[in-house]
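Inspection log for the structure reproduced underneath, given as structure tokens.
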Amino acid sequence: MDYFGEKVNLTQSTQFYLETLIYSLEKVFTIAPSFRAEKSRTRRHLTEYWHAEVEVAWYNNDDMMADEERMIKFIIEAVLKNNEEDLKTINRDINRLKNIKIPFQRIKYRDLIEKSREFGMNLKYGDDLGADEEYGLMVHFDNPIFVTDYPESLKTFYHRPDPDHPGEILCHDLLAPEGYGEVVGGGERIYDLQELLKRIRDNNLNPEDYYWYVDLRKYGSIPHSGFGLGLDRLVMWICGLSNIRETIPYPRTIRRVKP
């Protein structure tokens, strides 16, 4: 967009900005709008949505997942305590929510691909898990699951590669049951300067475009992890809604910008 004569972009995430703050504050978060330009017309995609994001110093992938599942369980219990009548009004089966248990199952991407064949799905290693694939998988689960260790080709450059398993990433997606699919994506961030530069170039990106993010590693960094939670997707699952457009007063999609 034109910003007082300068070309700027609407942000997809505040993650990079939060990472600048962990060195002094260690645990930081934000809840803000994010924008996506992808041409997706599924029941769970918006071009503007509410994003809750967290970055934490000294956390690894397992630490992050442990916090996330406690957070999700806390939210569900609070909704059941304060809004049970509202859920009944919209005909939500509250027993499905009452039966959510932690810890959530952890399953590696490669193992989930193998398991998908039990469900009659023709997935192979390296395939992305989009809305249709996640629906086909998660209709068979009654509890959320963490999918971990995705191949490098499916994750963006800032995710930390697993030093013990080349080609895989120390990351996770939290998939909601009943066919709802991804509500959280997260994992470890690269904190080594040369490793980050290599990943940027491997993805055919220009390091100069990320100069200030790269500078965070210039004089040494620390291990850290984070996640992004799609609040509208979380509401969609908890309320048992059929389309994400029902979660927000004025949904923005590739076909709707007003009112």
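The values are calculated or read from the model by the stated rules, or taken from the named source; none is laboratory data. A quick note: this is a predicted structure, and the numbers were derived from the prediction, not measured. Methodologically, a virtual Cβ is constructed for each residue, glycine included, from the backbone with ideal geometry; neighbour enumeration extends over all protein chains shown.
Summary of computed values
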item	result
Restricting segment 247-259 to residues that are more than 20 Å from the chain's Cα centre (by Cα) and either hydrophobic (A, V, I, L, M, F, W, C) or closer than 14 Å to R92 by Cα (or both), the residue that is surrounded by the most Cβ atoms within 10 Å (Cβ to Cβ)	I254
Unmet criterion (only one of (1) surrounded by 15 or more Cβ atoms within 10 Å (Cβ to Cβ); (2) closer than 22 Å to E53 by Cβ; (3) modelled with pLDDT of 95 or more) for D215	(1)
Complete set of residues in segment 182-202 that are charged (D, E, K, R), buried (at least 18 other Cβ atoms within 10 Å of the Cβ) and outside any strand (DSSP E or B)	R199
Residue in segment 81-103 that is modelled with pLDDT of 95 or more, in contact with a strand residue (DSSP E or B) (Cβ under 8 Å, 6 or more places away or on another chain), polar (S, T, N, Q) and not in a loop (DSSP other than H, G, I, E, B) present	no
Those residues of segment 158-206 which are over 17 Å from the mean Cα position of the chain (by Cα) and small (G, A, S), in sequence order	G167
Residue match in segment 115-122 (condition: within 17 Å of Y180 (Cα to Cα), surrounded by 13 or more Cβ atoms within 10 Å (Cβ to Cβ), touching a Leu at 6+ places or on another chain (Cβ under 6 Å) and not aromatic (F, W, Y))	yes
Residues of segment 203-259 classified as among the hydroxyl-bearing types (S, T, Y) and assigned to a loop (DSSP other than H, G, I, E, B), total	4
Criterion violated by M138 - all others in (1) farther than 16 Å from D173 by Cα; (2) surrounded by 15 or more Cβ atoms within 10 Å (Cβ to Cβ) satisfied	(1)
Test: G167 is under 26 Å from K218 (Cα atoms), among the small types (G, A, S) and free of Cβ contacts under 8 Å to residues at least 60 places away in the same chain	yes
Single residue of Y125, Y135, Y109 found to be under 17 Å from the mean Cα position of the chain (by Cα) and either free of Cβ contacts under 8 Å to residues at least 24 places away in the same chain or closer than 30 Å to Y191 by Cβ (or both)	Y109
Q15, sole failed condition from (1) over 12 Å from G228 (Cβ atoms); (2) at pLDDT 95 or above	(1)
Qualifying position, being small (G, A, S), closer than 16 Å to L231 by Cα and either modelled with pLDDT of 95 or more or touching a Lys or Arg at 6+ places or on another chain (Cβ under 7 Å) (or both), among A57, A78	A78
Complete set of residues in segment 35-59 that are in contact (Cβ under 8 Å) with a residue 40 or more places away in the chain, part of a strand (DSSP E or B) and either surrounded by fewer than 16 Cβ atoms within 10 Å (Cβ to Cβ) or not acidic (D, E) (or both)	Y49, W50, H51, A52, V54, V56, A57
Output for segment 45-90, where each listed residue is on the phi > 0 side of the Ramachandran plot and touching a helix residue (DSSP H, G or I) at 6+ places or on another chain (Cβ under 7 Å)	none
Residues of segment 1-34 satisfying the condition of being among the hydroxyl-bearing types (S, T, Y) and either over 26 Å from V235 (Cβ atoms) or exposed (fewer than 11 other Cβ atoms within 10 Å of the Cβ) (or both)	Y3, T20, Y23, S24
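Yes/no per residue for (1) exposed (fewer than 14 other Cβ atoms within 10 Å of the Cβ); (2) of a type in the set (D, E); (3) assigned to a loop (DSSP other than H, G, I, E, B):
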{"position": "V79", "(1), (2), (3)": "no, no, no"}
{"position": "L112", "(1), (2), (3)": "no, no, no"}
{"position": "G126", "(1), (2), (3)": "yes, no, yes"}
{"position": "D132", "(1), (2), (3)": "yes, yes, no"}
{"position": "D142", "(1), (2), (3)": "yes, yes, yes"}
